[in-house]
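This report refers to the structure that appears directly beneath it.
The values are calculated or read from the model by the stated rules, or taken from the named source; none is laboratory data. Just so we're clear, the structure is a prediction, and the values are computed from it rather than from any experiment. Reconstructed Cβ throughout: ideal geometry from the backbone, glycine too, with neighbour counts over all protein chains shown.
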Amino acid sequence: MRLEFRVLGPLSARCDGGEIELGRPQQRAVLAALLLAPGQLVPTDRLVEGLWGEDDSRWPKDPVGQIGTHVHRLRRALGAPELLVAAAGGYRLAVPREAVDLFRYEAAVAEAVALRHREPSRARELLGRALDAWTGGRALDGVPGEFAERARERLAAGRFAAVKALLDLDVALGRHVEAVEPLAVLAAEYPQDEEVHRLHLLALHRCGHRTEALAVYEALRERLDRELGLEPGAAVVELANRIRSGEAPASLRRLPRPSQLPSDIPDLVGRAGLARRAEQALRAGGGAPVAGGAPLAGGSPVVGLSGPAGSGKSALAVHVAHAAQDAFPDGQLYASGGEPGTVLAAFLRALGERPVGGAPVGELVERYRAALAGRRVLVVLDGVPEPGPLLPATSGCAAVVTGADPGALPGDAVRLTVGALEPHDAHELLARIVGVERISREPAAVAELAEICGHLPVLLRTAATRLAARPWWSVADLVRWFTERG
């Protein structure tokens, strides 16, 4: 039996080539939620909130029972009850990711993005085939519920990024004649996206339509001034000036590649398993399944690190980002604290966009996501109080977030808990900083020092640094000093 599912358009399912009747709208909504995380456990409470929202006053009398009824009917409709598994307070659809058109599409887009500099023709071919998977105007068309609506927004953002990347490659490969009309359509749909308009100008100019290109530029300039009180960015202005002067414009603007990660910590110990899972999730980027969670459907994988103060969440985030940075050749962005508007403006400058001080956060988010479209960028948000607006939304990017409220992360983020170190790891950390010989002489005092520090790496590192700076102190001396200070 071969099952295939489509979410890039109206939700549908086929078995051995025959269409499956999926039943009522809410039943289809349950299936959609399970399909966006195939093979992963989807908690029942997420299904309830996805169908009826977070306001429980709008819920039916027995929402959990209704979910169970929908699942029962879906089992019958699919003709394979064993594929829809109930476990640990939720449900899991046991089908491979390749059975869902979304994940085949995302894998092709990710491969194209990785190849666009080395093999642009191959990248263009992959993107074209990937976009053919969309069978309608909207993903999950006709599926009700807040979960489906949020998924539609993410998938639409991913599609826009892929279409823009395709047209970018068309212009770069000399296919400007074919690109003019779709760029005009895209520019009308996204009237404030300057990169789309820059490509439109360039394609028009290469087709010999200088007057039309300058008219498009003037319309953009007037619109930005009227609606936002802003001038076009430097790249668009430079291109317009070159067209006006008759100079042959450069084919593509060289985009900056920010590298904002702090230095990695060489003595990170006891975190190998967590680091491996986090790196795997980041590298998945919408492709391979991830242990412990699923990547964002139609968007970017998000890894959330939580734990007590001093557990080393920040150090682990930076370490993982360094380990995975080769998968994000277009740069790495980093923020420690800060309000969304301030961080967004800084990120936009790092990505080569002009400063946009004073603009509302919603507009900054739109410009930020447009700047990330078609690029592979890793974003690290360390203790940022409101990470939501700063999370990338398109395939090819990823984010690591520390210290955020679990509710502030996407429902399908990979959540990892960073706790205290095991006693032998605490001993190793002290030995790395202070020296093996010095630490091995006082095992009892070392154990007591680790206990005082709660086996937390930040406190252990502080204590070890103090000890290393005082070679005449024994470990017992430091324990006594801590004890006397209370």
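Of 229, 233, 208, 158, all but one fail to be out of contact with any Gly (no Cβ under 9 Å at 6 or more places or on another chain) and either at pLDDT below 90 or among the aliphatic types (A, V, I, L, M) (or both); the exception is 208. Assess whether residue 54 counts as being modelled with pLDDT under 90, out of contact with any Gly (no Cβ under 8 Å at 6 or more places or on another chain) and not in a strand (DSSP E or B). The answer is yes for residue 54.
Count of region 319-350 residues, restricted to those that are touching a Phe, Trp or Tyr at 6+ places or on another chain (Cβ under 8 Å) and of a type in the set (A, V, I, L, M), is 5.
Considering 140, 201, 173, 115, the condition of being more than 30 Å from residue 225 (Cβ to Cβ), surrounded by 23 or more Cβ atoms within 10 Å (Cβ to Cβ) and out of contact with any His (no Cβ under 8 Å at 6 or more places or on another chain) is satisfied by 140 alone.
Inspection of region 34-42 identifies at least one residue that is buried (at least 18 other Cβ atoms within 10 Å of the Cβ), of a type outside the set (D, E, K, R) and either at pLDDT 90 or above or part of a helix (DSSP H, G or I) (or both).
Just wondering, is there one or more residues in region 16-25 that are surrounded by fewer than 12 Cβ atoms within 10 Å (Cβ to Cβ), within 26 Å of residue 135 (Cα to Cα) and modelled with pLDDT under 85? Taking every residue of region 16-25 in turn, at least one turns out to be surrounded by fewer than 12 Cβ atoms within 10 Å (Cβ to Cβ), within 26 Å of residue 135 (Cα to Cα) and modelled with pLDDT under 85.
Restricting region 435-457 to residues that are hydrophobic (A, V, I, L, M, F, W, C) and buried (at least 17 other Cβ atoms within 10 Å of the Cβ), the residue that is modelled with the lowest pLDDT is 439. Put simply, of 393, 370 the only residue that is closer than 19 Å to residue 168 by Cβ, out of contact with any strand residue (DSSP E or B) (no Cβ under 9 Å at 6 or more places or on another chain), assigned to a loop (DSSP other than H, G, I, E, B) and among the hydrophobic types (A, V, I, L, M, F, W, C) is 393. Taking the conditions (1) hydrophobic (A, V, I, L, M, F, W, C); (2) surrounded by fewer than 23 Cβ atoms within 10 Å (Cβ to Cβ); (3) not in a strand (DSSP E or B) in turn, residue 335 satisfies each one other than (3).
Checking 126, 140, 115 one by one, the residue that is at positive phi and within 23 Å of the chain's Cα centre (by Cα) is 140 and no other. Scanning region 69-125 for residues that are outside any helix (DSSP H, G or I), among the aliphatic types (A, V, I, L, M) and farther than 27 Å from residue 394 by Cβ turns up 80, 84, 85, 86, 87, 88, 94. Taken together, the residues in region 74-94 that are farther than 18 Å from residue 46 by Cα and out of contact with any helix residue (DSSP H, G or I) (no Cβ under 6 Å at 6 or more places or on another chain) amount to 7.
Screening 187, 235 for residues that are in contact (Cβ under 8 Å) with a residue 60 or more places away in the chain and either of a type outside the set (Val, Ile, Thr) or part of a helix (DSSP H, G or I) (or both) leaves exactly one candidate, 235.
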